[in-house]
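The values are calculated or read from the model by the stated rules, or taken from the named source; none is laboratory data. The model shown is predicted, which means the values in this text are computed figures rather than measured ones. Backbone-built Cβ (ideal geometry, glycine too); neighbour counts: all protein chains shown. For accessibility, only protein heavy atoms count, side chains too; no ligands or nucleic acids. Shrake-Rupley method; radii C 1.70, N 1.55, O 1.52, S 1.80 Å.
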Amino acid sequence: MGDDVLGRGSRRDQEIVLVDIVDDDDHDDVPAVRRQDSLYVDATRASGANHRGGQEESWARTLRLAFQCVGILYGDIGTSPLFVYSSTFKDGVRHPDDLLGALSLIIYSFALFTIVKYVFIALRANDDGDGGTFALYTLISRHAKVSLIPNQQAEDELISKYNTGKPLATLRRARWMKELLETNRAVKIWLFLLTILATAMVISDAVLTPAISVLSAVGGLKEKAPNLTTDEIVWITVATLVVLFAIQRFGTDKIGYLFAPIILLWLLLIGCVGIYNTIKFDTGVLRAFNLKYIIDYFRRNKKDGWISLSGILLCFTGTEALFSDLGYFSIRSIQLSFSFGLVPSVLLAYIGQAAYLREHPEHIANTFYRSTPNVMFWPTFILAVAASIIGSQAMISCAFATISHLQTLNCFPRVKILHTSRQYSGQLYIPEVNFLLCVGACLVTIGFKTTVIIGEAHAICVVFVMIITTLLLTIVMLLVWKVSIWYVALFFIVFMSSESIYLSAVLYQFVHGEYVPVAMSVFLMIVMTVWHYVHVKRYEFELEHTVPRDKVKELLERRDIQRVPGVGLFYTDLVQGIPPVFPHLIEKIPSIHSVLIFVSIKHLPIPSVDRSERFIFRHVDKEEYKVFQCVARYGYRDPMEEAKDFVDALTENLQYYIRDVNFYTTGGDQQIFRSTSYASSIAESFASYEKHSGHAVYAEEMLTPAESFSEHTKQLSGRSKHFKQFQVENMNMQKMEKVQQEQQAILREMENGVVYILGESDIVASPHSSLLNKIIVNYIYSFLRKNCRNGEKMLSIPRSQVLKVGIAYEI
């Protein structure tokens, strides 16, 4: 076969296709197949992706999901009443009506940012059911080429889950936005930096959320044991945090069934206590629904009122975790449980506390427990500790998922990622990160000692992530959604202006504690930026120095090259071309395996890739060399298989590829169409072959109505008059025998053993590069690389089957 042929393994859920030879001169209205480098475009697309966040579902399932998401999503935001008032009135309540002003700010801030922005707008900007800042970035990157790594392929866009529809190229603003993102490198870099800043803030928040939540809950012990000192409360909190992080290794699915009832009881409790306090102390606090009290609050307190916004915004902490964990639930279930479960309970709690403080303003430092009836103290305390742990669990899990996603973008050093649940792929545990989060949370608790200072640090993470989410949502509205420009402008002006006011209030108190998450985020950004920068430079270097086709042919035809029995899987980042480390290997060891496959592991900006669409293949030069190039495509939530399972899947799909390129390519531009009447012809042909040759055709070699053919095919919308059926019954019997021999040869070599060849490139800065580049590459990156996990460990490759090839690159 020709060396440009590319194919893919079978797709078992689609109908059989028919081959048609299209004459472009006769059918100008039928688009011809375009060649993308050495790869052809696949067009056997599924009819559409089902999105977990927006698929139709029964009310029974909605109610069940609504109950479950109470435990997973609302622990963090549901425990905010523990510390909002104490963080808002750090110097005490100066005027009774200040409580009405603060309560009015809480009500309308909660409604504007949490309900309107996140629950009814942001949740619809999901990436095939996944939410969060990272998901917004991947959604944008699917509609515009914003990735800094030049490994985009046209074949990727034809994966069934890649696109939900065509970009709005007909709209002028969509075309303008797409062109701006794709052609302006500075915009690409800023978009990338904003995304990793938001993810860094989320990871930093996973340090602060456990600290402030658990410390607030444990602090209630002072009500029953007033002799406890602040240091003793701190050390009890530290012990609780250690236990919290220690149980992460077991996974949330082991205790997940307990979460929803606990949080439901917690919300019911704080709601009932809120009603009790409102009736008992002051029903007049309901006047806070009047916006007039917000105006009076700022007029009376001026600068101090503006500064107090850093405490008010803590009422909507946890919204990013709510958005990020969307993948486990549906939009309707979240909106239902949020609107009728969380919102009434939390607002009643804030209203009840304000009513209590109207009579007891001196209890502002510990409002929550002081406003709880004595008879309910111990149940409240136990539920508060449990709810704070569950809320912390949500942020920790969010941090694990974020780091896993960053690793797929090559933005984070390689770390060990464990999947704690066989049922839910998104439940992860990262030992190294878990240890660092635990140390960070304990140090923050010991260093700050009070929830007021930790709350100030917590606030900056919340507001930064919200602002970046607003920017990304605006791009999504312009590029992806069919939204009027006036709605986009209204959204941007309202949320960016209000969030900027909150940000200014937070930054004013920077030295009081906000510097801690900023320092952590800057450190994480440096790590992520350096790692990604070097990876991009290395990829560009390898792409620039790919081995020319003539050189590959010359190497394969050398007489001194020995063919070693077995299969060699040569891992490379390049998805097109042969890496420069290959001739380096031939020079040192003049031998190659009988079957050599260049394997590229590629992560796409989608949550998952169906197994039937995972592999694409092509021959490298002549067919008899048995040298292939394979791209294995994964989504950012797809777990990597064990090495043996990966080889089995690769072998199976390679068998399909060998069959397809022999039977269904006849030269020239070809189109492949779907048909439901094709399977019988295939079966008759193989039955005829069995009858005349005496050789059995194995079941897995038979074509079924679910299988697709080669990657160079393209689905057309033209009518039947534009094609002629390919007559399968006249297939050449010799070609069938040849295919079977090739497939059996591959299986024999697999039985002889598989060797995993890893190119270990030593990256150094060029002597003529800048001082900054030398510091980044020779010191920072070198340190990170030496202290992260090796490639064979990440791929779960047995050490006895690994062959490493070292080479130095100067970038």
### Query
Quick check: anything in the stretch 495-503 among the small types (Gly, Ala, Ser) and loosely packed, with under 14 Cβ neighbours inside 10 Å?
yes
### Task
Name the single residue, out of those in the stretch 128-146 being closer than 20 Å to Glu182 by Cβ and in a loop (DSSP other than H, G, I, E, B), that is most open to solvent (accessible area, probe 1.4 Å).
Lys145
### Query
Among the residues of the stretch 460-479, is there at least one that is within 30 Å of Ala349 (Cβ to Cβ), touching a His at 6+ places or on another chain (Cβ under 8 Å) and either of a type in the set (Lys, Arg) or not assigned by the TED database to the domain that holds Asn790 (or both)?
no
### Task
Could you name every one of the helices (runs of 4 or more DSSP H) located completely within the stretch 704-799 that has at least 3 residues being modelled with pLDDT of 85 or more?
733-751, 771-775, 782-786
### Task
Could you tell me whether Ile501 is assigned to a helix (DSSP H, G or I) and either of a type in the set (D, E, K, R) or farther than 28 Å from Thr402 by Cα (or both)?
no
### Task
For the stretch 361-372, indicate whether the set of residues that are outside any helix (DSSP H, G or I) and in contact (Cβ under 8 Å) with a residue 24 or more places away in the chain is non-empty.
yes
### Task
Considering each of Ile236, Ile279 in turn, give the residue that is modelled with pLDDT of 90 or more, under 25 Å from Glu432 (Cα atoms) and among the hydrophobic types (A, V, I, L, M, F, W, C).
Ile236
### Query
Of all the residues that make up the stretch 314-361, how many are within 23 Å of the chain's Cα centre (by Cα) and among the basic types (Lys, Arg)?
1
### Task
Would you be able to tell me the number of residues in the stretch 390-409 that are of a type in the set (Ser, Thr, Tyr) and in contact with a helix residue (DSSP H, G or I) (Cβ under 7 Å, 6 or more places away or on another chain)?
3
### Query
Among the residues of the stretch 173-231 satisfying the criterion of being assigned by the TED database to the domain that holds Phe523 and of a type in the set (Asp, Glu), which is most open to solvent (accessible area, probe 1.4 Å)?
Asp231
## Note on the structure
Of the candidates Phe323, Phe250, the one satisfying the condition of being closer than 30 Å to Ile389 by Cβ and either open to solvent by less than 10 Å² (accessible area, probe 1.4 Å) or modelled with pLDDT of 80 or more (or both) is Phe323
### Query
Within the stretch 352-366, how many residues turn out to be surrounded by fewer than 23 Cβ atoms within 10 Å (Cβ to Cβ) and not charged (D, E, K, R)?
6
### Task
Restricting attention to the stretch 373-389, report how many residues are open to solvent by 10 Å² or more (accessible area, probe 1.4 Å), of a type in the set (Val, Ile, Thr) and in contact with a helix residue (DSSP H, G or I) (Cβ under 9 Å, 6 or more places away or on another chain).
2
### Evaluation of Phe83 against (1) farther than 15 Å from Ile307 by Cα; (2) open to solvent by 50 Å² or more (accessible area, probe 1.4 Å) (one fails), failing number
(2)
### Task
Give the residues of the stretch 99-127 that are outside any helix (DSSP H, G or I) and either open to solvent by less than 10 Å² (accessible area, probe 1.4 Å) or without any contact (Cβ under 8 Å) to a residue 40 or more places away in the chain (or both), sorted by residue number.
Ala125, Asp127
### Query
Just checking, how many residues over the stretch 268-317 are open to solvent by less than 10 Å² (accessible area, probe 1.4 Å) and closer than 28 Å to Leu383 by Cβ?
14
### Task
Considering every residue within the stretch 340-349, establish whether at least one is touching a Pro at 6+ places or on another chain (Cβ under 6 Å), surrounded by 24 or more Cβ atoms within 10 Å (Cβ to Cβ) and assigned by the TED database to the domain that holds Lys117.
yes
### Task
Of the numbered conditions (1) assigned by the TED database to the domain that holds Leu112; (2) more than 28 Å from the chain's Cα centre (by Cα), Asp550 fails exactly one; give the number of that condition.
(1)
